[in-house]
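J.: Handing you a structure now.
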Amino acid sequence: MAKITLRVNGEPHEIDTDPSTPLLFVLRNQLGLTGAKLGCGLEQCGACAVLVDGVSVLSCVRAVSEFEDNDIRTVEGLMENGQPSAVQKAFIDEGAAQCGYCTAGLVVATTALLSQDPNPDSTANDSALSDHLCRCGSHTRVLKAIKSLTVEGASGDR
Amino acid sequence: MTASLTKQPNVDQWLSIGADGRVTIRSGKVDIGQRISTAMAVIAAEELDVALDRIDFAPVETGVSPDEGVTSGSNSMQDSGQAVRLATATARRHLVEKAAAALEVDPSTLELADGLIRSRDTNRSVTYWDLQGDQPFDIAIDPEVSVKAPETYQLVGGQTTARGMTELATGKTEFVHDMTVPGMLHARVVRPPHYHARLKELDESVAQRLEQSGFRVVRDGSFLAVAGADEYAVIKAAERLAAAANWNMGKGLPTRDIYESLTANERVSLPVADGIPRKEPVPPLGDPPTDAALTLSARYEKPYHMHGSLGPSAAMAKSEGEKLHIWTHSQGVYVLRESLADGLGMDEEDLHIIHAPGAGCYGHNGADDVAVDAALVAKAIPGTPVLLKWSREDEHAWEPYGTCMAMELRASLDADGSVIAWSQESFGDTYMMRPRSSPDGDGPRRLLPLRYRAEGVDDPVPQPAMRYHVGIHRNLDPLYIFPEPRLVKNLVRGLPLRTSALRTLGGFANVFAIECFLEELAEAAGIDSVEFRIRHLDDERARDVVKAAAEALYAGDTPPNRGRGIALSQYTNSKAYAAVGVELEVGDDANIKLHRAVVAVDAGQVVDPDGLAMQCEGGFIQAASWTLHEAVTFDRDGVTSRDWDSYPILRFGNIPEIETILMDRPGNPFLGAGEAIAGPAGAAIASALHNATGLRLRRLPFTPDAIRAAAME
Ligand code: FES
Ligand code: FES
């Protein structure tokens, strides 16, 4: 056991944990942030993605101790003044979730993608989402949500 | 009357009206991402004339919710939707009568708006909540009650946002996996290497050390689990326990080629007529008719598929005195209760099962089994809530798969290109292993963990399913007008892997085979395949979907190097009609790139068009994934598809533009649409692949290796 300091969703937290515990388990079980999901624990499915300094990172394998100096943001922390963020709103409007188990990871990946490239083409989408699986087939809606957020999409071409 | 209504004939079993202005709907169907609760809320709000956001759903729970069996087979809208419609219409009529009495006016002078009932004559009003708030209706549902006429619909068929979308997008939905209660333990199971292995010995010193560090080790025969306060520590403990277990491997899994086994193993063969198997001898195939101008035969094959839920199965359980509570994402809380009570020797009344959200499951996956795992651990640690999750590997290796199948077809055409003889035999293992109790006490045997206890139950022995269009013979009966088709279902024994219900059951494989074969026949006869289909259809609605899909698919010239193909089916020959068109390209690396899909669907009256379109898109994507990528692999020592690398699925990067054409049929009964797309999607890909490359692939999946091998022939 060791004391670990984490900055999550803008708040500092001091946590007592085995430092080799993957970040995901600490977020879910110690901080009660259950939005990110355990889908594989093998860095193969994307369900556990969170933002680390603005970049989408899989949190199911890498130890919590690696993240002490970073700014971590989970799907819960994307809300702005208690309201869904623009990306979350686009997912809601386009119905971009069926069971929703993959959704938090996809919202996070989309947020990271659009912050780096406000007008991604389909190749950029594919590479940003390449870590992410969805078994229900909500892919078309996720892509529509992304499109609606691009400059081109927002100008009415939906 | 639907079964749901016969079993639950009273309004109070389906809805209640609160003094707080809320309407609560109780349905026995669970929302598994197919937006059933959204569609049902729309129906209820429509019939009651209240705002959509007044509607709540009670969680599905044994002892409280209507018993509607299992959420499956696209039946939800037909059963539960109709029941909710009649229950809410009966309630509305009752409320109007009550209001008329209270206001001392004629019912015909009353107007309704969002629960407010006002008399046009006196301008006095009363609300549903005043009249009925928290009171039981105590009336039976009137199956003849008049319901809204389609032309007066305000909500049905309009645009609605799916319920719960905000919670999903903001991470607030509580899945079973997320449940947290004070004092709870996390738990994991340690499974044998394969189905038939049994625990020979466990290094007791390891178990002891785990106990000394605060873990609880639960062992009952070959059932092995570990529980503890910290989830990740429990995962590590389960790994240590697995390493300490020594298994008796027995004979292992049969390794004969599955496609050989399908037609060589012992089997039960039954002729099928009008969608129903008959207990009669199978008629011999015989020679083709003497007036046949052309006779073709072909054999199509599909491997085992997994449900591959994105979230490994999970359940919470708590044992309290005689009672056992279970929170589960099972699709059938009542059937689970029946079989588990039987298996554990408990009174059904003492078993309380509550549905909680899980990841999409697409049939009978690990949901019921993990509930049993949790129950066994909870019973060993009374008074403590236990949240047990399967690992990714548990899920991949232990869920019941959709069976491998072979379909052998032969058909003869006359000189005009009309089908004059048709034969199809389908071979496979069972699709019918949901934990339903049957008269021979089969229920507990269908719950995997119970087989590994010291007093273990035997493996179940499947019997051929005999109902209309179920199991292997779902959609075996062609939709087309063929004179006296010879249809045979073959339930094959001795196949290697555990199987049960997977989305569409045999429908995917049978429609894949029929529609691929039609393409081959049309080509041999030199007739356009759309024309060939239409000639053999006498059902207007089937023709309409094919025409709509063909028109959209074939608009404009086919871009260079691409191929197009189309296919049709009506799910179970009685539900939604779907025609699917596909445009694709085969790259230099022999990978298939999907460019475009067109899906034309007739699902009767459309309640939630966006939800229906989403179901179609999702159905296409899953079927495309089966067609391009999926096959469960195994060897003598067990299943070798144990993660997403060894069992790849379709990804972002190969998602086509999907155009959905909804043929609205106002006033026609709702038809389940969830599964209608899969069969035609697979066949349309095969046909487009042929169009692009000239290759006919008859065994799924169409991987680069399979395409290269076909090109070499
Ligand atoms: S849970 Fe982390 S990638 Fe699957
Ligand atoms: S919505 Fe179910 S896995 Fe993506």
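The values are calculated or read from the model by the stated rules, or taken from the named source; none is laboratory data. Note that this is a predicted model, so its numbers are computed, not measured. Neighbour counts are summed over all protein chains in view; Cβ atoms, including those assigned to glycine, are modelled from backbone coordinates with ideal geometry. Protein only, heavy atoms only, side chains kept; ligands, DNA and RNA dropped before computing areas. Shrake-Rupley method; radii C 1.70, N 1.55, O 1.52, S 1.80 Å.
J.: Subtract the Cα-Cα distance of B:Val461 and B:Arg93 from 0.36 nm times their separation in residues, and report this length gain in nm to one decimal. Walk me through the intermediate numbers first.
T.: Numbers: separation 368, 0.36 × 368 = 132.48 nm, distance 5.02 nm.
Here the segment from B:Val461 to B:Arg93 would lengthen by 127.5 nm.
J.: Still on this model: Using a probe radius of 1.4 Å on heavy atoms only, what accessible surface per residue do you get for the range A:86-154? Whole Å² is fine.
T.: 31
J.: Another one. Using only the alpha carbons of the range B:165-259, what is the convex hull's orientation-averaged projected area in square nanometres?
T.: The orientation-averaged projected area of the Cα hull of the range B:165-259 comes to 10.0 nm².
J.: Right, next: Could you give me the ³J(HN,Hα) list for the range B:232-248, computed from phi with Karplus coefficients 6.51, -1.76, 1.60 and θ = phi - 60°, whole Hz, x at Gly and Pro?
T.: 5, 4, 5, 4, 5, 5, 5, 5, 5, 5, 4, 5, 8, 9, 10, 10, 7
J.: Compute the accessible area of each residue in the range B:223-269 twice, once for its chain alone and once with every protein chain present, using a 1.4 Å probe on heavy atoms, and list those whose area falls by at least 30 Å².
T.: The answer is B:Glu231, B:Tyr232 - residues whose exposure falls by at least 30 Å² when every protein chain is included.
J.: Name the residues whose placed amide hydrogens come within less than 5 Å of the amide hydrogen of B:Ile677, ignoring near sequence neighbours (fewer than 5 apart) on the same chain.
T.: none
J.: Quick one: if you stick a label point 7 Å off each Cα along the C-beta vector at B:Arg124 and B:Arg708, how many nm between them?
T.: 8.5
J.: Compute for the protein assembly as shown: radius of gyration divided by Kirkwood radius, i.e. Rg/Rh, restricted to C-alpha atoms, rounded to two decimals.
T.: Rg divided by Rh gives 0.97.
J.: If you don't mind, another one. For the pair B:Arg699 and B:Ser146, how long in nm is the line joining their label points, each one 7 Å along Cα→Cβ?
T.: Roughly 6.3 nm, to one decimal.
J.: Please report, in debye to the nearest 20, how large the charge dipole of chain B is about its Cα centre when each Lys and Arg carries +1 at its beta carbon and each Asp and Glu carries -1 there.
T.: Numbers: 70 positive and 101 negative charges, 267 e Å.
Taking the Cα centre of chain B as origin, the dipole is about 1280 debye.
J.: Show me the ranking of peptides B:80-92, B:593-605 by mean Cβ neighbours inside 10 Å, starting with the highest.
T.: Numbers: B:80-92: 25.5, B:593-605: 23.6.
Ranked from most to least packed, the peptides come out as B:80-92, B:593-605.
J.: Could you work out the mean projected area of the convex hull around the alpha carbons of chain B, in square nanometres to one decimal?
T.: Spelled out: convex hull of the Cα atoms, projected over all directions, averaged, 33.6 nm².
J.: Counting every Cα pair in chain A, what percent are over 19 Å apart?
T.: Working: 6426 of 12403 pairs.
Result for the distance tail: 52 percent.
J.: Taking a cut-off of 19 Å between Cα atoms, list the lysines near B:Lys489, but don't count ones fewer than 8 places away on the same chain.
T.: Reachable lysines: B:Lys279, B:Lys302.
J.: Let me ask something else. Accessible area drop of at least 20 Å² (1.4 Å probe, protein heavy atoms): which residues of the range B:173-206 qualify, relative to the chain alone?
T.: Residues meeting the cut-off: B:Phe175, B:His177, B:Asp178.
J.: If you don't mind, there's one more thing I want to ask. Hey, if you drop one equal point scatterer on each alpha-carbon of the range A:2-76 and run the Debye formula without solvent, what base-10 log of I(q)/I(0) do you get at q = 0.18 Å⁻¹?
T.: The Cα Debye sum returns log10 ratios of -0.60.
J.: Can you give me the long-range amide H partners of A:Asp71? Hydrogens built in the peptide plane at 1.01 Å from N, cutoff under 5 Å, separation of 5 or more residues or another chain.
T.: Amide H neighbours of A:Asp71: A:Asp53.
J.: Might you tell me the accessible area per residue for the range B:3-142, computed with a 1.4 Å probe and given in Å²?
T.: Numbers: 5190 Å² over 140 residues.
Using a 1.4 Å probe on heavy atoms only, each residue of the range B:3-142 averages 37 Å².
J.: Oh, and also: Mind checking which lysines have their Cα closer than 28 Å to the Cα of A:Lys37? Skip sequence neighbours fewer than 8 apart in that chain.
T.: Correct list for A:Lys37: A:Lys3, A:Lys89, A:Lys144, A:Lys147, B:Lys29, B:Lys172, B:Lys236, B:Lys318, B:Lys379, B:Lys389.
J.: Turning to a different aspect of this structure: At 7 Å along the Cα-to-beta-carbon direction for both B:Thr180 and B:Lys251, put a label point, then send me their distance in nm to one decimal.
T.: For the pair B:Thr180/B:Lys251, the computed spacing is 5.0 nm.
J.: Let me ask another. Cut-off under 17 Å on the C-alpha distance; same-chain residues fewer than 8 positions from B:Lys251 excluded. Which lysines are left, in chain and number order?
T.: Those lysines meeting the cut-off are B:Lys200.
J.: I'd like the Karplus ³J(HN,Hα) series for the range B:6-11: coefficients 6.51, -1.76, 1.60, θ = phi - 60°, whole numbers in Hz, and an x wherever there's a Gly or Pro.
T.: With the stated coefficients, the range B:6-11 comes to 4, 6, 10, x, 9, 4 Hz.
J.: Using a probe of 1.4 angstrom, how much of the accessible area of chain A is carbon and sulfur, in percent?
T.: Carbon plus sulfur share of accessible area: 47 percent.
J.: Tell me, what % of the accessible area of the range B:507-712 is carbon and sulfur with a 1.4 angstrom probe?
T.: After summing per-atom areas, the C and S share lands at 45 percent.
J.: Here is a follow-up. Can you pull the mean other chain C-beta count within 10 Å for peptide A:34-47?
T.: Average neighbour count from other chains, rounded to a whole number: 6.
J.: In the range A:1-28, which residues become less accessible by 30 Å² or more once every protein chain is in place, relative to the chain on its own, using a 1.4 Å probe?
T.: Flagged in the range A:1-28: A:Phe25, A:Arg28.
J.: With a 1.4 Å probe and all protein chains kept in place, how much accessible area does B:Arg209 have, in Å² rounded to the nearest 10?
T.: Accessible area of B:Arg209: about 120 Å².
J.: Accessible area lost on pairing A with B, both sides, 1.4 Å probe, Å² to nearest 100?
T.: 4200
J.: Here's another thing I want to ask about it. Compute the distribution of all C-alpha to C-alpha distances in the range A:67-158, in bins of 5 Å from 0, and list the percent of pairs in each, rounded to whole numbers.
T.: Calculated P(r), rounded to whole percents: 3, 14, 25, 26, 19, 9, 3, 1, 0.
J.: Calculate, for B:Arg240 and A:His13, the FRET efficiency according to 1/(1 + (r/R0)^6) with r their C-beta to C-beta distance and R0 25 Å; round to the nearest 0.05.
T.: Given R0 = 25 Å and the Cβ-Cβ separation, E is 0.25.
J.: Now a separate question. What accessible area per residue, rounded to a whole number of Å², is obtained for the range B:355-445 using a probe radius of 1.4 Å?
T.: Value for the range B:355-445: 21 Å² per residue.
J.: With the radius of gyration and the Kirkwood radius both derived from the Cα set of the range B:3-142, what is their ratio Rg to Rh? Working shown, then result.
T.: Numbers: Rg = 15.3 Å, Rh = 15.3 Å.
Here the Rg-to-Rh quotient is 1.00.
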